[in-house]
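J.: Could you have a look at this structure, given as C-alpha cells, before my questions?
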Amino acid sequence: MTLAPETTDLKVQLRLEDGWFTVCDLRLLIPGRGVAALLPDGRQAALFRDRAGRTYGIDNRDPFTGAAVLSRGLTGTHQGRPFVASPLLKQRFDLLSGQCLDDETVRVAAYDVRSTA
Amino acid sequence: MSTDTPTIVLVGHGMVGQRFLEALAERGLTAAHRVVVLCEEPRPAYDRVQLTSYFSGTTPEELSMTDGEFIERHGIELHLGDPAETIDRQARTVTARSGLTVSYDTLVLATGSYPFVPPVPGKDATGCFVYRTIEDLLAIEEYAGARATTGAVVGGGLLGLEAAGALKGLGLATHIVEFAPRLMPVQVDEGGGAALLRTIEDMGLTVHTGTGTQEIVVGEEGAVTAMRLSDGSELPTDLVVFSAGVRPRDQLARACGLAVGERGGIMVDERCRTVSDPRVFAIGECALAADGRVYGLVAPGYEMAETAAATLAADEAAFTGADLSTKLKLLGVDVASFGDAHGTTADCLDVVYADSRSGTYKKLVIGRDGELLGGILVGDAEAYGTLRALTGSVPPVAPERLVLPAGSGAPAELGPSALPDEAVVCSCHNVTKGTIRGAVTEHRCTTVPQVKKCTRAGTGCGSCVKVLGQLVDAELEASGVEVDKGLCGCFAQTREELYEIVLALRISSYQQLLDRYGRREARGGDGCEICKPAVASVIASLAPAIGADGHVLDGEQAALQDTNDHFLANLQRNGSYSVVPRIPGGEITPEKLIVIGEIARDFGLYTKITGGQRIDMFGARVEQLPLIWARLVDAGFESGHAYGKALRTVKSCVGQTWCRYGVQDSVRMAIDLELRYRGLRSPHKLKSAVSGCARECAEARSKDFGVIATAGGWNLYVGGNGGATPRHADLLAQDLTDAELVRLIDRFLMFYIRTADRLERTSVWLERIPGGLDHVRDVVVHDSLGICGELEALMAAHVAGYRDEWAETVNDPEKLARFVSFVNAPDTPDPVVGFVPERDQIKPDLPLLAIGTRPLEGSAQR
Ligand code: SRM
Ligand SMILES: Cc1cc2nc3c(=O)[nH]c(=O)nc-3n(C[C@H](O)[C@H](O)[C@H](O)COP(=O)(O)OP(=O)(O)OC[C@H]3O[C@@H](n4cnc5c(N)ncnc54)[C@H](O)[C@@H]3O)c2cc1C
Ligand code: SF4
Ligand code: FES
C-alpha cells in the first residue's frame, strides 16, 4: 500500500507465486469500485481501491454462483475492515483475507497488491 | 349428538351474529352446547360496514369475518343459504326453508334489517336495487357495466351517499334525491348540510334535496328509464338504488307472537332477552333495546352480542344504550357526527366555525359545565377521533380552539395524549385508551397491526386507526422502547430523514453526507452496500433541485450504484447482462421490432417478451453492451431502466381507439405517463398501467399507480403490487381530467419518494405510513401539509432535466471505458460466460459449484 501525491504514473501490481504481476494504471481504479483482471494462467482477480487510496485484490469468482463478478460488487467498511458485496446474491467478502462474512466456511483467494512507479 | 346437550340456535349470521358466536366461544359455551346457525345469505358473515370498499378493490373473501377454521374448531353447525321460516315457541323448534327443523333450548335472533323501499309505482322494475349485501353490489356492478350511464340514489343519508359514491366510481353520472331539505338529515344540522352539499356537488354529483320520488318510470322492456319527482319533473336514469333507511327484520318474531315495537323491532330487556319469552333473545339491528331505540350501527350490536352471551354464561351484563357517532366513509368527503350532535341536552351551547368557501363546517355542543357533549364536522374531520373520545369530559383546551382551522390564532395542540384512560377510542369495539396502552405496555405490541389484533380496536369502521397510531407511538416512546430505525450500520437516520437532509442542505456527495451525518464509527469509512445505492437514489431523484450532476455514472455517483445501474443493464446469473429498451405503453412500430430482431440475431441474444409489455434481450457480455446500445440509440430507442429502482413500464390496453368497450384513449395516456416519469429514481421500482375501461385489461390495479378510464375521465389507483405480496391498488381520486391526473400522480410519486423507506414499494409504504391512504389523500389531494407546490416543482425539474442515460453513455468515451471485460485485456471475453442451445435460442451454461448450498433466490437483500 502506497500513498503518493501524483498517481498518474503509478501501476497496480499483484503478487503471484512467481513475483509481482503488473495489471494496469492506478488511475483506472475508481475509489469504491472494482475492476477485473485476467491473470496469466487464466484465473481472474478483482481489484479495488478505497477512498483512502488503499488497493486490494481478491479472486473475481463468486463462489456462491460460479460467475466471475466480484469486481462488480459494491464495497464498504465493516467494523473497520474493507469488504465487497457480491452483486449477485449479496454475500460480503473481506477484501484483506477473502473471508466470506456471511458464511464462515467460505473464503476466496486474497492477493497482495501494491502500486509502484 | 346426545339429547341432553343444550342447543343454541342462532338465526342470522351477520356481523352481530358472528360476534355472538365469538363471544360464546370465548366463554367456553360452544363446548357445552350444540350451536346451530341458520344463515340466509349464501356466504358466512362478512363486514357489511366496509361493504363499499368492494368497489375500491376489497374482495368478498377479504370482507369475510370468519373462516371455516373457526366454525369447525368450535363445532358450530352452519347452514348457508337456509333461512329460518317459522318458529314454534311451544314446541321450541325452528324450521328452515330446506325443511330442516331444529329444537332449541335458547334461540337468538340476529336477523338485522332490511332496506326500506318506499311504495312508489315501478319500484320493482329491472334496474332497481337496494344496497345491503354483497349480492346487491354484484348485481349493481353488473347492471351498471352492461347497460347504464346514469344512476340515481333515493335517499341522501349516510348510506345513500356511500351508494352514490359507489355509482360514481362505476362511471355513472350520479344523482341523489333526498326528501329532507338537506343531506344526511339525521347526522348534520342545517349549517353542516349546506357545507356538505357544496362538497358533494363539487365532486360532480347532482343533488336534489326537498324532493320526493313519486314514480319509477319504466320503459317497454320493463327496465327503469326515469324517475318522476315530487316537483313534477322527470329525471332520466338507467338505474335506481333505494337507500331510504332500514327497518328491523322482525317478521319471524311477529309471526310467532313475540312483542315488537310500534315502529318495529323485537322488544328486549337489558339482558337482550325478548320481553315475551325468556328462552328467546334478539340482538343487533332487529332488536328494540331496553332504552326504546333500534340501533342501526354495528357497535351497539356488538355490545348486545356480548351481553346475550354473558347472560347465557350467567355473567353480569346489561345493554342500556350506546353512542351513535358516525363518520362517512365516502371518498373525498369528511363528515362526522358524534355524541349529542343536535344539542338536545338541556342548557347546552354550540360553538360553531363555518367557512362556506372551503365547505368547512364544525360544530361542538358544550354542556353547562363545559363538558363536550357532541358535535358535527363537515369538510374537515381530522379531529374526529380525538373529539369523540373526549366526549363526556371537559376538554383540556377551550372549545373554540378545537374547531378553529390550523393557522388562525393558536391551533389547538390536542393530541391523543390529552385523552383520559377511560376515553373510548374505538367505538366500534368499545376499546378505551387504557386498553390500548395496556396492549403496548403489558402485551408488548409494538405496531398498530399488533394492537388491532390484540384489542380489536380499529377493525370496525377504521375511523379510529389514526388516533390508534398516535397512541401506540406515544406509548412506545414513553416506555423507552428504542427501536433503531436507522437505514444501516452507517446511518442512524431513516431514508426519509436523509432525504430531508440532502434536500435542505443541498448535499450532493455521499462522502460528505457520511462524514457529517453518519454514525460516529462509520464516518470516514467506505459506507456499505445498503446505504450507498439508497443515498445515490435520493441524490438522483433530487439531482436537478440540489444541483447535483444527473448522470448515474458521473463522478462519485458511479461508485455508489448497484452493479445493474453501474452497467445500465441487468446482471444475470452467469455474469452476462440483459438489455431492455423502453417501449412506452407497449406500443411499437414494425420497424423498431425489426431493429430489435436484427440486433438480437447479430449478437446471438436470447429474446423474450417480458411481463411488462416489452422485449428483453439476454446474454450480452459486458463489453458488448456499448455496441448493442449504439445501435439501439441510433434506431431511436432509450434505456428502459429495467436495471434501476426507477419507473419501469406503463402498460396499456388497446383502449377506445380499437376496443368496443373503451371509453378513453388508454394507449396515449400510458405513453404520456411513461415519457413523463421515465428515468425517475425512487426508493423501489415503480410500475404503472392504464386501462381503457373498467374491464381492466392492463391490470392497472396491480400497479404502484394505475389509471382506469371512466366515461368522465380517469380514476387513479395507488399502492398496487404484484410480486410476492400482491395488493390491489386503492382508489385515490375519480373522474380526473388529463391535467388533474398528471398533477395528482406528480404529487403522489414525489411524496412517496420523499417519505418511503429504501426498497419499500408504494404498497408497503401506503400500509406503513401513519394514517395510511387517508393521510396520503389529505396530503396529495387536499394539500393538508401545504407541500404540493414543492412536490410539483420537484417533478417539473425532473421532467425538464431528463436525458437518456444510454445515449449519453455511448457518446462519452470516458464512461464507455468502463464497459470492458478485463482492465488489462479489454476485448477478451470472460471465459466463464458460456452458453448452450435451448429451444432454438441460448441459455447460460452454468458452472459447477464447489459450494453445494445456494441461498434461496431472493432471500438476500434485493
Ligand atoms: C424480465 C421479467 C420477467 C419476464 O420474463 O417477463 C422480470 C425479471 C426480473 N424481475 Fe420481475 N420481471 C418482469 C416483470 C415483473 C412483474 C410483472 C409486471 O411488471 O407487470 C412483476 C410483478 C409486478 C410488480 O412488480 O408488482 C415482477 C415482480 C418482481 C419482483 C417482486 C416485486 C415485489 O414488490 O414483490 C422482483 C424482486 C424485486 O424487485 O425486489 C423482481 C425482480 C426481477 C429481476 C430484476 C430479478 C433480478 O434482480 O435479477 C429480474 C431480472 C430482469 C432482467 O434481468 O432483465 N420482479 N416482475 C419482467 C420484466 C418486465 C419489464 O419489461 O421490465
Ligand atoms: C353500506 C353499509 C354501510 C354501513 N356503514 C356502517 C358504519 O360505518 N358504521 C356502523 O356502525 N354501521 C354501518 N352499517 C350498518 C351495519 O352494517 C349494521 O349495523 C350491522 O351489519 C348490523 O349487524 P346485524 O348482525 O344486526 O345485521 P346484518 O349484518 O344485516 O345481519 C343479519 C343477517 O341475518 C340474515 N337473516 C335475516 N333473516 C333471516 C332468517 N329468517 N334466517 C336466517 N338468516 C336471516 C340476513 O340475511 C343477514 O345476513 C352499514 C351498513 C351498510 C349496508
Ligand atoms: S380494458 Fe376495456 S378498453 Fe381496454 S381492452 Fe379491455 S375492454 Fe377494451
Ligand atoms: S371506531 Fe370503528 S374501528 Fe374503531
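J.: I need a count of the residues in region B:678-726 that are under 16 Å from the mean Cα position of the chain (by Cα) and either more than 23 Å from B:Leu167 (Cα to Cα) or in a loop (DSSP other than H, G, I, E, B) (or both).
T.: The number of residues fulfilling the criteria is 8.
J.: Might you let me know whether region B:698-717 holds any residue that is at positive phi and within 13 Å of ligand 3 (Cβ to nearest atom)?
T.: Looking through region B:698-717, at least one residue is at positive phi and within 13 Å of ligand 3 (Cβ to nearest atom).
J.: Kindly provide the set of residues from region B:709-724 that are within 11 Å of ligand 1 (Cβ to nearest atom) and open to solvent by 10 Å² or more (accessible area, probe 1.4 Å), ordered by number.
T.: B:Asn721, B:Gly722, B:Gly723, B:Ala724
J.: Output the qualifying pairs, or none if there are none: Cβ atoms under 6 angstrom, residues six or more apart or on different chains, first residue in region B:131-152 and under 27 Å from B:Met15 (Cβ atoms), second residue assigned to a helix (DSSP H, G or I).
T.: Correct list of pairs: B:Tyr131/B:Ala163; B:Ile134/B:Pro60; B:Leu137/B:Tyr54; B:Gly151/B:Leu167.
J.: Does B:Val654 count as within 11 Å of ligand 3 (Cβ to nearest atom), free of Cβ contacts under 8 Å to residues at least 60 places away in the same chain, more than 14 Å from chain A (Cβ to nearest Cβ) and surrounded by fewer than 24 Cβ atoms within 10 Å (Cβ to Cβ)?
T.: Yes, satisfied.
J.: Here's a check for you: in region B:292-325, which residue that is within 12 Å of ligand 4 (Cβ to nearest atom) and at pLDDT below 70 is farthest from B:Leu109 (Cα to Cα)?
T.: Per the stated criteria, the residue is B:Ser325.
J.: Could you list, in sequence order, the residues of region B:41-72 that are over 14 Å from the mean Cα position of the chain (by Cα), away from ligand 4 (no atom under 16 Å from the Cβ) and in contact (Cβ under 8 Å) with a residue 60 or more places away in the chain?
T.: Matches in region B:41-72: B:Glu41, B:Pro42, B:Arg43, B:Pro60.
J.: Scanning for something more than 23 Å from B:Thr307 (Cβ to Cβ) and either part of a loop (DSSP other than H, G, I, E, B) or within 16 Å of ligand 1 (Cβ to nearest atom) (or both), does region B:421-438 turn up at least one residue?
T.: yes
J.: Just need a number here: residues in region B:668-708 that are touching a Gly at 6+ places or on another chain (Cβ under 9 Å), crowded, with 22+ Cβ neighbours inside 10 Å and more than 25 Å from B:Asp757 (Cβ to Cβ).
T.: Looking only at that region, the number is 9.
J.: Yes or no: B:Gln613 at pLDDT 95 or above and within 21 Å of B:Cys697 (Cα to Cα)?
T.: yes
J.: In region B:673-697, how many are more than 13 Å from ligand 3 (Cβ to nearest atom) and free of Cβ contacts under 8 Å to residues at least 60 places away in the same chain?
T.: Narrowing region B:673-697 to residues more than 13 Å from ligand 3 (Cβ to nearest atom): B:673-688.
Remaining after also requiring free of Cβ contacts under 8 Å to residues at least 60 places away in the same chain: B:688.
Number satisfying all stated conditions: 1.
J.: So which residues in region A:30-41 are more than 7 Å from chain B (Cβ to nearest Cβ) and either open to solvent by 10 Å² or more (accessible area, probe 1.4 Å) or more than 15 Å from A:Asp112 (Cα to Cα) (or both), if there are any at all?
T.: A:Gly34, A:Pro40, A:Asp41
J.: Let me ask something else. Would region B:578-586 turn up any residue that is of a type in the set (Gly, Ala, Ser), modelled with pLDDT under 95 and more than 16 Å from ligand 3 (Cβ to nearest atom)?
T.: Looking for residues that are of a type in the set (Gly, Ala, Ser), modelled with pLDDT under 95 and more than 16 Å from ligand 3 (Cβ to nearest atom), one finds none in region B:578-586, hence no.
J.: Checking B:Lys452 against (1) over 25 Å from A:Gly32 (Cβ atoms); (2) over 25 Å from the mean Cα position of the chain (by Cα), which single condition isn't satisfied?
T.: All conditions pass for B:Lys452, except number (2).
J.: Applying the selection to region A:74-90, what residues are touching a residue at least 24 places away in the same chain (Cβ under 8 Å) and more than 7 Å from chain B (Cβ to nearest Cβ)?
T.: Passing the criteria: A:Val84, A:Ser86.
J.: Moving to a separate point now. Just the residues that are open to solvent by 30 Å² or more (accessible area, probe 1.4 Å) and under 45 Å from the mean Cα position of the chain (by Cα), please, taken from region B:811-846.
T.: B:Glu838, B:Arg839, B:Gln841, B:Ile842, B:Lys843, B:Pro844, B:Leu846
J.: Is region A:16-29 home to any residue that is within 7 Å of chain B (Cβ to nearest Cβ), open to solvent by less than 20 Å² (accessible area, probe 1.4 Å) and of a type outside the set (S, T, N, Q)?
T.: yes
J.: Looking at (1) open to solvent by 50 Å² or more (accessible area, probe 1.4 Å); (2) of a type in the set (S, T, N, Q); (3) within 12 Å of ligand 1 (Cβ to nearest atom), which is the only condition B:Thr589 fails?
T.: Among (1) open to solvent by 50 Å² or more (accessible area, probe 1.4 Å); (2) of a type in the set (S, T, N, Q); (3) within 12 Å of ligand 1 (Cβ to nearest atom), B:Thr589 violates only (3).
J.: Of all residues in region A:52-73, which are facing chain B (nearest Cβ under 7 Å), outside any strand (DSSP E or B) and among the aliphatic types (A, V, I, L, M)?
T.: Once the filter is applied, which keeps residues that are facing chain B (nearest Cβ under 7 Å), outside any strand (DSSP E or B) and among the aliphatic types (A, V, I, L, M), region A:52-73 yields A:Ala67, A:Val69.
J.: Would you check if B:Gln450 is free of Cβ contacts under 8 Å to residues at least 12 places away in the same chain, out of contact with any His (no Cβ under 6 Å at 6 or more places or on another chain) and more than 14 Å from every other protein chain (Cβ to nearest Cβ)?
T.: yes
J.: How do the pairs read when you match residues in region B:605-632 that are of a type in the set (Ser, Thr, Tyr) with residues anywhere that are open to solvent by 30 Å² or more (accessible area, probe 1.4 Å), using Cβ under 8 Å and keeping only pairs 6 or more apart or on different chains?
T.: Partner pairs satisfying both residue conditions: B:Tyr606/B:Phe618; B:Tyr606/B:Gln841; B:Tyr606/B:Ile842; B:Tyr606/B:Lys843; B:Thr607/B:Gly597; B:Thr607/B:Phe618; B:Thr607/B:Gln841.
J.: How many of the residues in region B:439-471 are of a type in the set (Lys, Arg), part of a loop (DSSP other than H, G, I, E, B) and more than 16 Å from ligand 2 (Cβ to nearest atom)?
T.: The qualifying residues number 1.
J.: Answer with yes or no whether B:Leu744 is hydrophobic (A, V, I, L, M, F, W, C) and open to solvent by 30 Å² or more (accessible area, probe 1.4 Å).
T.: Considered against the rule, which asks whether it is hydrophobic (A, V, I, L, M, F, W, C) and open to solvent by 30 Å² or more (accessible area, probe 1.4 Å), B:Leu744 comes out as no.
J.: For residues in region A:91-117 being at the interface with chain B (Cβ under 9 Å from one of its Cβ atoms) and closer than 27 Å to B:Ala569 by Cβ, which is least open to solvent (accessible area, probe 1.4 Å)?
T.: Ranking the qualifying residues of region A:91-117, first place goes to A:Gln91.
J.: Since B:Glu556 meets every condition but one in (1) modelled with pLDDT under 90; (2) open to solvent by less than 30 Å² (accessible area, probe 1.4 Å); (3) within 14 Å of chain A (Cβ to nearest Cβ), which condition does it not meet?
T.: If we test B:Glu556 against (1) modelled with pLDDT under 90; (2) open to solvent by less than 30 Å² (accessible area, probe 1.4 Å); (3) within 14 Å of chain A (Cβ to nearest Cβ), just (2) comes out false.
The values are calculated or read from the model by the stated rules, or taken from the named source; none is laboratory data. Values in this document were obtained by computation on a predicted structure and should not be read as measured data. Heads up, the Cβs are rebuilt from the backbone with ideal geometry, glycines too, and the neighbour counts pull from every protein chain shown. For accessibility, only protein heavy atoms count, side chains too; no ligands or nucleic acids. Shrake-Rupley method; radii C 1.70, N 1.55, O 1.52, S 1.80 Å.
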